[in-house]
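Visitor: My questions all concern the structure below.
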């Protein structure tokens, strides 16, 4: 009979319920922590993938700039770049002769208003 009374003791039942509640709180907080770690892991993986794509893009750009730089170090490459930028010559041309444009004729100033009037009314 003593064993039966010990199992139904209200103090002991209350202690078990408190212990069960504490255990439930511990499980929920552990699950919450695991969920946060999972989210952070996914975010870190996404950011790493994005950073790797940026790194690959930067490496491609660096290789392109390096080849352009190596090309511009030579006289022929510099000439080719100038031709391309200013559309000076056609592709495949080997020699371009640049001719200075002709100077326009200077504008002559009229001598006076009286001369203009004589020129206009001379036909009458």
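The values are calculated or read from the model by the stated rules, or taken from the named source; none is laboratory data. All values reported here derive from a predicted model rather than from experimental measurement. Cβ atoms come from the backbone with ideal geometry, glycine included; neighbour counts cover every protein chain shown.
Visitor: How do the pairs read when you match residues in segment 60-86 that are modelled with pLDDT under 90 with residues anywhere that are loosely packed, with under 10 Cβ neighbours inside 10 Å, using Cβ under 9 Å and keeping only pairs 6 or more apart or on different chains?
Guide: 83/90; 83/91; 83/93; 84/91
Visitor: Which is in a helix (DSSP H, G or I) and within 30 Å of residue 85 (Cα to Cα), of 27, 65?
Guide: From the options 27, 65, the qualifying one is 65.
Visitor: In this structure, does residue 35 turn out to be in a helix (DSSP H, G or I) and at pLDDT below 75?
Guide: No.
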